[in-house]
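Since every read-out is calculated from the coordinates, none of them should be taken as a lab result. Because the structure is a prediction, the values reported are computed rather than measured. Cβ atoms come from the backbone with ideal geometry, glycine included; neighbour counts cover every protein chain shown.
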Amino acid sequence: MQERVILHSDINHCYAQIEEMRHPELRKIPMAVGGHEEARHGIILAKNDMAKAYHIKTGESLREAYAKCPQLKIIHPDYEAYMYYTEQVKDIYREYTDKVESFGLDEAWIDLTQSISLFGSGKAIAQEIQKRVWQEIGLSVSIGVSYNKIFAKLGSDMQKPMGLVEIRKDNYQTLVWPLPVEDLFYVGRATKKKLRYYGIDTIGDLANLSKGWMKDHFGKMGELIWWFANGEDISEVALSGAKEPVKSVGNAITAPRDINTFEEAKIIYYVLVESVASRMRDSGLRGNVISISLRNKELSWFSRQRKIMQATNIAQEIMPVVLHLLKENYTFEQPLRTIGVSVSGIEDDQALTQLNLFTSEEERQRQKQLEISIDQIRNRFGFAKIRRCVTLLTPDLSEFNPKEEHVIHPVSFF
């Protein structure tokens, strides 16, 4: 069986680099792409190398960034431009294969297994892609070359900017196993903490455990990352243009000021939940797993979820679950900076519905039609023309429209 040849390409500090390409003078000063300080959708989305020298981090507030570098230049994001230029980069990838799978705007996997007979080795094609992207578009990309998606992504992270690392079956133990365990795909903060508790510090430490031990202590995800650590990822690169089924619908927002109480969080959640429910209805979807995500001033994330009996896309049904999860799991000892909600367990809205003896289906449909009517009014006259009274009490927290504002998140690996 022919060994696969897979690249993972990453546009280095994508948003900031695109701004530098459009405005070369920005290369000479510390610069970051971020939100509006006045509205405090104010976090750092990307930074250039000069800003990186001041230890400015992606995800921190503008105030924290200015404290480190008072002369920092903040550029407000231009998502339309970012989508345009990243698509131009991916068009170059597509000249070598029809298997180009996007991972967010700035990253993509490229399966060259059937292309090497035409264009040369994986490493040679990677070098050619880097050269073309730089010469034709003016952007640098780092590329990992490997025989699976996980190691290809690791390779693209090893050298920046414009790095090129090849991870093969005969060298992955030397290159990959000494890396910190958190560098492995799907090892997040909580898993890292638990692994470190057991003295598992590197990818090699994890790989040399037994698969059974990992499954016993970490469940199915433990078994999965054990396979990853040992180079046994067999996931395919999707065809260009292939659409993955929607697995969740969500919205999150960094509030214009710290969220100090349950009541303040509730006001924001009303806006977010209405957006999520409306987006599901627009897409003909509903779901039965409701999740909240919270991030405090220390930038620590926290999430909880609950499965409900009937799949829904009705805000009036989602909101009580959200509030219950919030009240049950967060005390507000630390103010919140970012809050989010998502609905998963997605299914077609036209699928058969399991009726609930304790709920009036007629009343549910009336509420759904009411929310559809509200959507129609907002679409015609503007989002602010019809709002819940409770959101008018603190307009500084509720005057945003998450459904229409352009927010870009990475797509799921699976």
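Would you please put 133-146, 181-194 in order of how densely packed they are, using the mean number of other Cβ atoms within 10 angstrom per residue and starting with the highest?
Going by the mean number of other Cβ atoms within 10 Å, highest first, we get 133-146, 181-194.
Which whole-Hz couplings ³J(HN,Hα) result when phi for each residue of region 301-314 is put into the Karplus expression 6.51 cos²θ - 1.76 cosθ + 1.60, θ = phi - 60°, listed in order with x for Gly and Pro?
Each residue's phi maps through the Karplus curve to give 8, 8, 9, 9, 9, 8, 8, 10, 5, 10, 4, 8, 9, 10 Hz.
I need CYS14, CYS389 ordered by Cβ neighbour count within 10 Å, fewest first.
In order of increasing Cβ crowding within 10 Å: CYS389, CYS14.
Most exposed first by the Cβ proxy, i.e. fewest other Cβ within 10 Å, how do THR394, THR254 rank?
Lowest to highest Cβ neighbour count: THR394, THR254.
Can you tell me how region 1-169 classifies by the Cα gyration tensor, rounded, prolate or oblate, using a/c under 1.5 as the rounded cut?
prolate
Where does the Debye-calculated log10 I(q)/I(0) of region 177-241 sit at q = 0.12 Å⁻¹, using only Cα point scatterers of equal weight, no solvent?
Calculated log10 I(q)/I(0) at the listed q: -0.29.
Which order, highest average first, do 211-217, 5-11, 273-279 follow once you tally other Cβ atoms within 10 Å for each residue and take the mean per peptide?
For the peptides 211-217, 5-11, 273-279, the packing ranking is 5-11, 273-279, 211-217.
The chain: D in µm²/s via Stokes-Einstein (Kirkwood Rh, Cα pairs, 10 °C, 1.306 mPa s)?
It comes out at roughly 67 µm²/s.
Can you pull the percent of Cα pairs in region 265-337 with separation above 16 Å?
Percentage above 16 Å: 50.
Given the options GLU363, GLU223, GLU264, state which has the largest fluctuation in a GNM of the chain using a 10 Å cut-off (strictly under) for Cα springs.
Per the Cα network of the chain with a 10 Å cutoff, GLU363 tops the list.
Give LYS215/LYS307; LYS57/LYS211; LYS149/LYS192 a once-over and call out the pairs whose C-alpha atoms are over 30 Å from each other.
LYS57/LYS211
Extension gain SER283-ASN401, at 0.36 nm per residue separation less the Cα-Cα distance, in nm?
Here the answer is 40.7 nm.
Would you mind calculating the gained length between ARG304 and SER235 on full extension (0.36 nm times residue separation, minus the Cα-Cα distance), in nm to one decimal?
That pair, ARG304 and SER235, stretches by 22.0 nm at full extension.
What's the extension gain from GLU3 to ASN260 if we count 0.36 nm per residue and subtract their Cα-Cα distance?
Stretched out fully, the GLU3 to ASN260 stretch lengthens by 87.1 nm.
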